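All remarks here apply to the structure that follows.
The values are calculated or read from the model by the stated rules, or taken from the named source; none is laboratory data. This structure is a prediction, so every number in the text was calculated from the model and none was measured. Every residue, glycine as well, gets a Cβ built from its backbone with ideal geometry; the counts of neighbours run over all protein chains shown.
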């Protein structure tokens with residue numbers, strides 16, 4: 001008897017269950033016309049139609065946002081409302097084109113328009129200015145957009161992506177020693193790490209931690225935040241030697257500088273510093289493939305004392321219940337990087353257990369588009 005997997009796709013016909021039959025009905029143009037007119041279904045049809053259109057036009061919204069950021073429209077409106085003509089002159093655009101951009105920003109609720117026709121910042125637009133690193137990430141998306149120009153080719157692995165050139169450090173230590181590459185990565189990460197650190201430390205308390213080791217900690221944003229929030233906690237940042245000068249410069253300016261230090265090294269090639277009772281990985285695992293992740297987790301397990309704790313904080317897949325941030329944005333971003341993958345908390349927990357950890361705990365995510373958190377504990381002997 002032939003298995004379903006042995007039958008050519010053209011001849012394989014699955015059994016049609018109730019849900020499949022229902023979806024086939026919904027897919028008929030005639031049904032859509034009926035549903036749009038029938039009083040009991042037209043509300044649902046309208047809502048679905050609006051949601052579908054929002055998906056279809058999503059790329060235009062992101063490009064309009066890019067233009068608003070690139071032309072510094074939100075910054076120009078920080079001092080008060082302005083007319084389109086004034087903003088057009090500052091941005092060297094025609095008044096008509098500026099009006100279109102401002103109307104788009106208003107429709108996206110980033111701007112508002114008063115009765116005199118002047119444009120002002122709305123709450124969401126002000127947040128773009130205020131959220132650390134957000135504008136830098138939006139500008140950085142120019143390369144991501146180009147990599148997504150042919151998404152099918154990206155899925156097939158037929159594209160030499162720009163993001164792979166931007167993050168070559170992830171492919172091995174040979175590239176990781178280049179100062180320009182390391183600092184380019186760390187600069188962008190540092191500008192957005194503050195909000196990740198805040199969400200992480202609001203989710204998991206480090207009150208029982210005496211010594212923290214932040215592996216792949218860049219300029220020490222998370223280590224500093226942990227030290228400032230937790231009296232008595234000392235923290236060590238472990239990252240590539242090329243990151244050291246900027247990390248040490250930041251540490252030297254920190255109010256917690258007496259409890260912070262930087263140790264250079266590669267978690268691929270070097271032993272991890274010992275003595276920490278908690279080791280953190282903040283936006284590290286999703287940059288790497290499973291074999292690298294397993295090797296790192298095993299190294300962390302061997303480094304921690306009995307009862308020591310691992311803290312993982314990064315964007316995650318929704319797993320059995322896919323969600324927009326992890327399973328759309330970060331999933332495709334990792335594909336464009338050509339390495340790593342967004343994993344669910346369950347998958348990360350499984351890798352932790354394969355590395356020796358016994359107790360894995362996940363936490364409700366306040367903002368999954370910022371980060372999700374889990375911890376794993378090394379059992380007492």
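Here are the numbers for the structure shown:
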quantity	calculated
Residue count, the range 76-102 (criterion: surrounded by 15 or more Cβ atoms within 10 Å (Cβ to Cβ) and touching a residue at least 24 places away in the same chain (Cβ under 8 Å))	8
Hits in the range 111-143 (condition: surrounded by fewer than 16 Cβ atoms within 10 Å (Cβ to Cβ) and part of a loop (DSSP other than H, G, I, E, B))	114, 115, 116, 117, 131
Given (1) in contact with a strand residue (DSSP E or B) (Cβ under 7 Å, 6 or more places away or on another chain); (2) at pLDDT below 95, number of the condition residue 282 does not satisfy	(2)
The range 196-218, residues that are part of a loop (DSSP other than H, G, I, E, B) and either on the phi > 0 side of the Ramachandran plot or in contact with a strand residue (DSSP E or B) (Cβ under 9 Å, 6 or more places away or on another chain) (or both)	204, 206, 208, 209, 210, 216, 217, 218
Extreme residue, surrounded by the most Cβ atoms within 10 Å (Cβ to Cβ), among residues of the range 29-70 that are touching a helix residue (DSSP H, G or I) at 6+ places or on another chain (Cβ under 9 Å) and not in a helix (DSSP H, G or I)	41
Cβ-Cβ under 8 Å pairs, at least 6 apart or on other chains, the range 35-59 side under 30 Å from residue 138 (Cβ atoms), far side at pLDDT below 85 and in a helix (DSSP H, G or I)	49/36
Test: residue in the range 324-338 that is over 27 Å from residue 55 (Cβ atoms) and touching a helix residue (DSSP H, G or I) at 6+ places or on another chain (Cβ under 7 Å)	no
Conditions (1) farther than 24 Å from residue 250 by Cβ; (2) under 19 Å from the mean Cα position of the chain (by Cα); number of the one not met by residue 283	(1)
Where residue 227 falls short, out of the listed (1) crowded, with 16+ Cβ neighbours inside 10 Å; (2) under 29 Å from residue 339 (Cβ atoms); (3) within 26 Å of the chain's Cα centre (by Cα)	(2)
Breaking point among (1) surrounded by 14 or more Cβ atoms within 10 Å (Cβ to Cβ); (2) in contact (Cβ under 8 Å) with a residue 60 or more places away in the chain; (3) under 25 Å from residue 194 (Cα atoms), for residue 148	(3)
Where residue 105 falls short, out of the listed (1) closer than 22 Å to residue 142 by Cα; (2) out of contact with any strand residue (DSSP E or B) (no Cβ under 6 Å at 6 or more places or on another chain); (3) in a helix (DSSP H, G or I)	(2)
Residue satisfying condition, being touching a residue at least 40 places away in the same chain (Cβ under 8 Å), more than 17 Å from residue 236 (Cβ to Cβ) and surrounded by 21 or more Cβ atoms within 10 Å (Cβ to Cβ), within set 333, 329, 286, 363	286
Set 256, 242: member being surrounded by fewer than 22 Cβ atoms within 10 Å (Cβ to Cβ), more than 26 Å from residue 297 (Cα to Cα) and assigned by TED's automatic domain parsing to the domain that holds residue 205	256
In the range 248-268, the residues that are touching a residue at least 12 places away in the same chain (Cβ under 8 Å) and either more than 28 Å from the chain's Cα centre (by Cα) or assigned to a loop (DSSP other than H, G, I, E, B) (or both)	254, 255, 256, 259, 265, 266, 267, 268
